[in-house]
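The values are calculated or read from the model by the stated rules, or taken from the named source; none is laboratory data. Nothing here was measured: the structure is a model prediction, and the numbers come from that model. Positions of Cβ are generated from backbone atoms using ideal geometry, with glycine treated the same way; all protein chains shown enter the neighbour counts. Each accessible area value is taken on the protein alone, full model and side chains, heavy atoms only, with ligands, DNA and RNA left out. Shrake-Rupley method; radii C 1.70, N 1.55, O 1.52, S 1.80 Å.
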Amino acid sequence: PRVGLLASLPYTVMVSNAGGGYSRYEQLAITRWRADGTRDDYGQWCYVRDLATGELWSATHQPIGKPADAYHAAFATDRISFERRDGDIETRLELTVVSDDMAEVRRVTVLNHSGVERDIELTSYGEIVLAPPDSDRAHPSFTNLFVETEWFESERAIHATRRPRASNEARRWLAHVAAVGPELIGDVSFETDRARFVGRGRSVRCPLALEDGVPLSRTAGAVLDPIFALRVRIRV
């Protein structure tokens, strides 16, 4: 594996050439990650589905692992980018950390090389931690119990926070937002419950929510296994 690091301290992002990695603020893990160079199956994902054919892949090699017709990962000092082509659809994912702010931006560009309009569905995914990485590795189910999520329709944003367990513990907030251009079809949908998204006996490689015709449940609140997932449909 090859990795790229981006930072505007105290916010740091690490991403591998397959798309796995983590986001951290100071000593807190924003998203879940495990140091496994063989599987490399933890990170923030963007799933891509062609609604006409039903084909499913991801903007990076992980988590679907579907071979692309062309794939290229580039690491620069200011951004990390992934380009891949699957049939007539080309996707480009660019990741950067916002200077002087505790945020990261992941821009997905979809190009249609066919002669007809295509409806494409994009679904983001990440597992929320908001706790020190060592605590999450030791007791992930316990740390999940203190996270609450909320959906803000006007902002197209998922907000999440971890309830403090001690009086001297600072309360941290996370926001996951989708900004879409005029290509948007319908509304932005969301999910914050991993059990509903992944499904029983499944993994992020083949989650239930990515089955054809399965909508996101729009669940928020004190879920047992918190994630952030947003879904948009675009016409290109």
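If you filter segment 1-50 down to residues that are open to solvent by less than 20 Å² (accessible area, probe 1.4 Å), touching a residue at least 60 places away in the same chain (Cβ under 8 Å) and in a loop (DSSP other than H, G, I, E, B), you find that the one that is farthest from V110 (Cα to Cα) is R32. If you go through segment 195-222, how many residues are surrounded by fewer than 21 Cβ atoms within 10 Å (Cβ to Cβ), in contact with a strand residue (DSSP E or B) (Cβ under 7 Å, 6 or more places away or on another chain) and closer than 21 Å to F146 by Cβ? The total comes to 4. Out of all the residues in segment 108-117, is one or more in a loop (DSSP other than H, G, I, E, B) and either β-branched (V, I, T) or buried (at least 18 other Cβ atoms within 10 Å of the Cβ) (or both)? Yes, because at least one residue in segment 108-117 is in a loop (DSSP other than H, G, I, E, B) and either β-branched (V, I, T) or buried (at least 18 other Cβ atoms within 10 Å of the Cβ) (or both). Filtering segment 223-236 to residues that are within 17 Å of A160 (Cα to Cα) and open to solvent by less than 20 Å² (accessible area, probe 1.4 Å) leaves V223, P226, I227, F228, A229, L230.
So how many residues does segment 79-107 have that are open to solvent by less than 60 Å² (accessible area, probe 1.4 Å) and assigned to a strand (DSSP E or B)?
14
Restricting attention to segment 153-187, the residues that are assigned to a loop (DSSP other than H, G, I, E, B) and open to solvent by less than 50 Å² (accessible area, probe 1.4 Å) add up to 4. Every listed requirement among (1) open to solvent by less than 70 Å² (accessible area, probe 1.4 Å); (2) over 22 Å from V188 (Cα atoms); (3) in a strand (DSSP E or B) is met by E127 save one, (2). Scanning segment 119-152 for residues that are free of Cβ contacts under 8 Å to residues at least 40 places away in the same chain and closer than 30 Å to V180 by Cα returns a single hit, F152.
Taking each residue of segment 207-229 that is over 12 Å from E127 (Cα atoms) and looking for partners that are acidic (D, E) and surrounded by fewer than 18 Cβ atoms within 10 Å (Cβ to Cβ) with beta-carbon atoms closer than 8 Å, six or more apart or interchain, yields A220/E150; G221/E148; G221/E150; A222/E148. Among the criteria (1) of a type in the set (A, V, I, L, M, F, W, C); (2) within 30 Å of P182 (Cβ to Cβ); (3) under 15 Å from the mean Cα position of the chain (by Cα), the one L111 does not fulfil is (3). Residue check: G54 meets all listed conditions (1) surrounded by fewer than 20 Cβ atoms within 10 Å (Cβ to Cβ); (2) modelled with pLDDT of 95 or more but one, namely (2).
Exactly one residue out of A68, A73 is open to solvent by less than 40 Å² (accessible area, probe 1.4 Å) and assigned to a loop (DSSP other than H, G, I, E, B), and it is A68.
If only residues of segment 51-63 that are polar (S, T, N, Q) and in a loop (DSSP other than H, G, I, E, B) are counted, the one that is nearest to I89 (Cα to Cα) is T53.
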